[in-house]
Amino acid sequence: MSLFVAYSDPKFVEISQLIFQQQFRRDPKLHEELDERRKKLMYADITYNISYLMTAVRFEDGGIFVAYARWIYDRLCSQMKDFTRERVGTIMVDHYQVMIEVLLSKGHTVMTEHEVVLAMDYLQLAIETTKELIHEEPSMETLGEDPYEDVRAMYFNALMDGHTEKAYEVVKEARDAGMDLLVLYQEVLAKTMYEIGRLWQKNIITVDKEHYATSVTQMVMSRFYEEIFSRPRKHKTLISCAAGSELHEMGIRMLSDIFEHEGWDTYYLGSGLSLEAMISAVKDHEPQVVALSVTMPPYLNHCEELVRGLREAFPNLLIAVGGQAFRHTKPLWKSWGANFYSERAEDLLRWLEERPTE
């Protein structure tokens, strides 16, 4: 039974509402602490929390939910600056305990008995993780110290200052100075966008800045298209797409550009394609490899559907997966039938180049 029930499903809505109501009964102080806007956000977070829990249960991988518990605690501490870390931790521990109580009584309507047991285990892990986080010092992540740090910092600062042309000039100057395009993409653009995403998650920058940075980076990438598409062809084809209704498509777009630069013909298909559409694309373009990307764990199930379906339809097709959604999971992709996993386009390119010629 699939755990990816629609938010509009009456059983799913009932569970979300019960958790929401029970949290206020358990902690009446919340009524005074949260205004109406925050209460609406809290309800939205409950549906989000359940989707991550269901994903962990679906793949029997508690690491998915533990990583999410760490992320949501960190994010709430950044958003709710008028609350202490201890108070945020108490709210989240109470929330997971309420989820346990509600799912024990109502979980059977959307889960099997085995799935309910797994959900209880993962929620208990989230409680233990959150209690530990309360007493941890907040991490101070930086862009890192490496040969590309200065260029990355200048690009990042240009984006944060809203200087579009300056951002492009930083990248162009680095390229004119001899920086390899693959290095530029992976060490400057990709890492900067990862840092910006992290800062947005921590509520240090607003969503409009994150969207602006994404738009500018897409524009910067487009200015290299003449160079990218003029390279000698290798007569090899890549099809790429983001699994599920992903909004985070930057990584897979970069991968496609890098493959074009290395002489491959690429077909980037965006996100949200059905298995039928992917099978049709493979028949039309006859690629050597299909690359699928997932950023948000709730879309792992769609990636699994695509991998399994493509493997059944094309037994000899090379299928690669990547993206942050796999970072805290078991090697799920192996059981699905995928051939390769990496978060870096360079690793996939090297793996393909080292394969014996058929």
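The values are calculated or read from the model by the stated rules, or taken from the named source; none is laboratory data. In this text the structure is predicted, and so the values were computed from the model without any measurement. Every residue, glycine as well, gets a Cβ built from its backbone with ideal geometry; the counts of neighbours run over all protein chains shown.
Table for the structure above
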| quantity | calculated |
| --- | --- |
| Sole residue being of a type in the set (S, T, N, Q) and farther than 27 Å from Trp200 by Cβ, chosen from Gln79, Gln97 | Gln97 |
| So Gln17, is it assigned to a helix (DSSP H, G or I), buried (at least 16 other Cβ atoms within 10 Å of the Cβ) and either in the same structural domain as His114 (by TED's automatic domain parsing) or at pLDDT 90 or above (or both) | no |
| Residue match in region 43-55 (condition: within 16 Å of Lys131 (Cβ to Cβ) and over 16 Å from the mean Cα position of the chain (by Cα)) | no |
| Every pair of residues 6+ apart whose Cβ atoms lie under 8 Å, when the first sits in region 304-320 and is not assigned by TED's automatic domain parsing to the domain that holds Phe340 and small (Gly, Ala, Ser) while the second is surrounded by 16 or more Cβ atoms within 10 Å (Cβ to Cβ) and modelled with pLDDT of 95 or more | none |
| Lone unmet requirement of (1) touching a residue at least 40 places away in the same chain (Cβ under 8 Å); (2) over 18 Å from Trp264 (Cβ atoms); (3) under 18 Å from the mean Cα position of the chain (by Cα); (4) buried (at least 17 other Cβ atoms within 10 Å of the Cβ) for Tyr212 | (3) |
| Among residues of region 289-315, those that are assigned to a loop (DSSP other than H, G, I, E, B), at pLDDT below 95 and not β-branched (Val, Ile, Thr), counted | 1 |
| Unique residue being in a helix (DSSP H, G or I), among the basic types (Lys, Arg) and either under 25 Å from Asp61 (Cβ atoms) or assigned by TED's automatic domain parsing to the domain that holds Arg253 (or both) when the list is Lys166, Lys131 | Lys131 |
| Flag for Ser245 being at pLDDT 90 or above, outside any helix (DSSP H, G or I), within 24 Å of Leu292 (Cβ to Cβ) and among the polar types (S, T, N, Q) | no |
| Looking only at region 67-110, and only at residues there that are of a type in the set (Gly, Ala, Ser) and at pLDDT 90 or above, the one that is surrounded by the fewest Cβ atoms within 10 Å (Cβ to Cβ) | Ser105 |
